[in-house]
Amino acid sequence: LEQVYDCWRAEHFPALTEKGREMYRLAWKRMGPLKGRKMRELRTAHYQGIINMMEDSGLSASSAQKVKQLAGQLSKWSMREDIITTNYAQFIRIYTDEPTVREIFSDEEIALLKKNDDNDAVKVVLLLIYTGLRIGELFSLRRENVHLKEGYLVGGSKTKAGKNRTVPILPEALSYLQYFW
């Protein structure tokens, strides 16, 4: 498995971002107990054992999903190279893959924040609420992407649909954007 990973990595890493490479490195580290095994001997139960250990230790579903994804990539590469005939990674099950329930701010909580907006941290929280941007997206906004007079900004980074999206500036957010920009 380790030889397969090294060959796959040499082929695929150049096309990935540094963040993508880091995610695969972390997934590979979690697959450590299997790295000395022969690829053709690995079955779903082997991969599932890694996932189960991750879930038992409280790791997130997204971490488990990345390990499943890597196992699938390595299996597909091995099939292409005629090392194996079946992608056993496709049968891995992730049990902790429950939708995340996020609490939203109530009108009363927002009113309380607005009442105490003399603090920069509170202003940032209100900007996050009013723009819908993630914190990293807000902090990576560039001055030329904030169009106060026109009433919009261009931001976002996580998904294809969310990258460089046009976000209308709500009247409630205007004073906070003016304060920071």
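Numbers below:
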item: Residue satisfying all of: in the stretch 11-45; touching a Lys or Arg at 6+ places or on another chain (Cβ under 7 Å) and open to solvent by less than 50 Å² (accessible area, probe 1.4 Å); farthest from Phe91 (Cα to Cα) among these; result: Phe13
item: Residue match in the stretch 124-140 (condition: modelled with pLDDT of 90 or more, surrounded by fewer than 16 Cβ atoms within 10 Å (Cβ to Cβ) and assigned to a strand (DSSP E or B)); result: no
item: Answer from Ala10, Ala71, Ala45, Ala27 - the residue that is free of Cβ contacts under 8 Å to residues at least 24 places away in the same chain, in a helix (DSSP H, G or I), of a type in the set (A, V, I, L, M) and under 30 Å from Ser157 (Cα atoms); result: Ala10
item: Residue selected from the stretch 97-109 under the condition surrounded by 10 or more Cβ atoms within 10 Å (Cβ to Cβ) and under 18 Å from Leu128 (Cβ atoms), by the criterion modelled with the lowest pLDDT; result: Phe105
item: Close pairs from the stretch 78-96: first surrounded by fewer than 17 Cβ atoms within 10 Å (Cβ to Cβ), partner among the small types (Gly, Ala, Ser) and assigned to a loop (DSSP other than H, G, I, E, B), Cβ under 8 Å, at least 6 apart; result: Thr96/Ser60
item: Any chance Lys19 is without any contact (Cβ under 8 Å) to a residue 12 or more places away in the chain, closer than 14 Å to Glu2 by Cβ and not β-branched (Val, Ile, Thr); result: no
item: Subset of the stretch 142-181 [in contact with a strand residue (DSSP E or B) (Cβ under 8 Å, 6 or more places away or on another chain) and either free of Cβ contacts under 8 Å to residues at least 24 places away in the same chain or surrounded by fewer than 15 Cβ atoms within 10 Å (Cβ to Cβ) (or both)]; result: Asn145, His147, Gly151, Tyr152, Val154, Gly156, Asn164, Arg165, Thr166, Pro168, Trp181
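The values are calculated or read from the model by the stated rules, or taken from the named source; none is laboratory data. Computed from a predicted model, the values in this text were never measured in an experiment. Positions of Cβ are generated from backbone atoms using ideal geometry, with glycine treated the same way; all protein chains shown enter the neighbour counts. These area figures cover heavy atoms from the full protein model, side chains too; ligands, DNA and RNA do not enter into them. Shrake-Rupley method; radii C 1.70, N 1.55, O 1.52, S 1.80 Å.
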